[in-house]
Amino acid sequence: MGAGIWALLRGNGRLNRPAGPLPPTTCDELPIEPFDSGQARAYIDEVIRCLENTWGPYLKKAGLPYEPVKVRYVKRLPKNYCGSDEEDSQDSEVWYCDWDRTLSFKLGPSWLVSPSGLLLFNEAALMYGYHVQKLTGLYDAGEDLRAGSKAEHQEQDRRMDLQVECLGGAFMQSVWPIKGRTTEDWNKVLGYVRDDNVKYWMRAGFRTGDPGSCNTWAAPSSKVA
């Protein structure tokens with residue numbers, strides 16, 4: 001079941017050949033000061049531009065369809081927007097909607113208080129992974145899966161979510177080293193993560209820079225719990 005989904009990225013389905021690692025590219029960060037939402041938006045826009053410049057040619061070369069992601073900034077997500085639950089939302093969040101292929105960023109104090117780290121960069125990189133899943137057919141294939149139990153359904157969702165963490169790590173490696181950054185900055189991003197399996201998949205992508213390392217569907221349940 002999982003192997004059938006992953007085949008979309010590994011030489012079957014719409015992909016004619018394995019695509020290999022993402023190409024090395026340069027991505028410079030824009031300056032950003034605490035609690036400056038305008039600078040934060042410009043910063044994210046620049047990261048998205050880097051993501052498009054990396055993933056666009058990569059997907060086209062692999063024989064897959066490509067279109068840029070839409071980006072918008074909101075003070076709050078509309079109620080029940082694309083499956084979101086505003087009641088459970090945080091002051092800062094980003095949501096990908098597969099219906100209109102849009103990333104909606106809500107920039108609150110938790111992200112703006114100390115934005116000089118790589119947190120915003122990493123958030124944009126990993127959330128773009130949902131767009132990659134949508135473009136490649138992985139997202140829809142995952143939605144079409146049938147689960148025999150609630151626990152199996154939750155595990156399928158978990159595999160999808162962990163895959164974007166890994167794809168974000170692969171992109172991060174493709175633009176590494178970022179000017180002015182050291183491995184310590186990346187380790188700080190990992191330090192914010194409390195979930196060991198999230199760390200595992202972030203590191204898997206970052207280690208190789210290859211989306212092929214992000215096959216969460218072939219991983220044992222213990223690696224996606």
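Can you pull out the residues in the range 193-225 that are among the hydroxyl-bearing types (Ser, Thr, Tyr) and either open to solvent by 80 Å² or more (accessible area, probe 1.4 Å) or more than 15 Å from residue 164 (Cβ to Cβ) (or both)? Of everything in the range 193-225, those that are among the hydroxyl-bearing types (Ser, Thr, Tyr) and either open to solvent by 80 Å² or more (accessible area, probe 1.4 Å) or more than 15 Å from residue 164 (Cβ to Cβ) (or both) turn out to be 200, 208, 221, 222. Note on the range 1-120: enclosed helices (runs of 4 or more DSSP H) holding 3 or more residues that are modelled with pLDDT of 90 or more and among the acidic types (Asp, Glu) are 37-61. Scanning the range 42-73 for residues that are within 15 Å of residue 132 (Cα to Cα) and acidic (Asp, Glu) yields a count of 2.
From the list 126, 190, the one residue that fits, being over 21 Å from residue 49 (Cα atoms) and modelled with pLDDT of 95 or more, is 190.
Taken over the range 89-133, the criterion of being of a type in the set (Lys, Arg) and more than 14 Å from the chain's Cα centre (by Cα) is satisfied by 106 alone.
Residues satisfying the criterion are present in the range 134-147 (criterion: at pLDDT below 95, aliphatic (A, V, I, L, M), open to solvent by less than 20 Å² (accessible area, probe 1.4 Å) and within 17 Å of the chain's Cα centre (by Cα)). Looking at the range 174-192 only, could you name the residues that are open to solvent by less than 30 Å² (accessible area, probe 1.4 Å) and not in a helix (DSSP H, G or I)? Scanning the range 174-192 gives 175, 178.
The values are calculated or read from the model by the stated rules, or taken from the named source; none is laboratory data. Given the structure is predicted, the values throughout are model-derived calculations rather than measurements. Virtual Cβ from ideal backbone geometry, glycine too; neighbours counted across all protein chains shown. The area values use the complete protein model at the heavy-atom level, side chains included, leaving out ligands, DNA and RNA. Shrake-Rupley method; radii C 1.70, N 1.55, O 1.52, S 1.80 Å.
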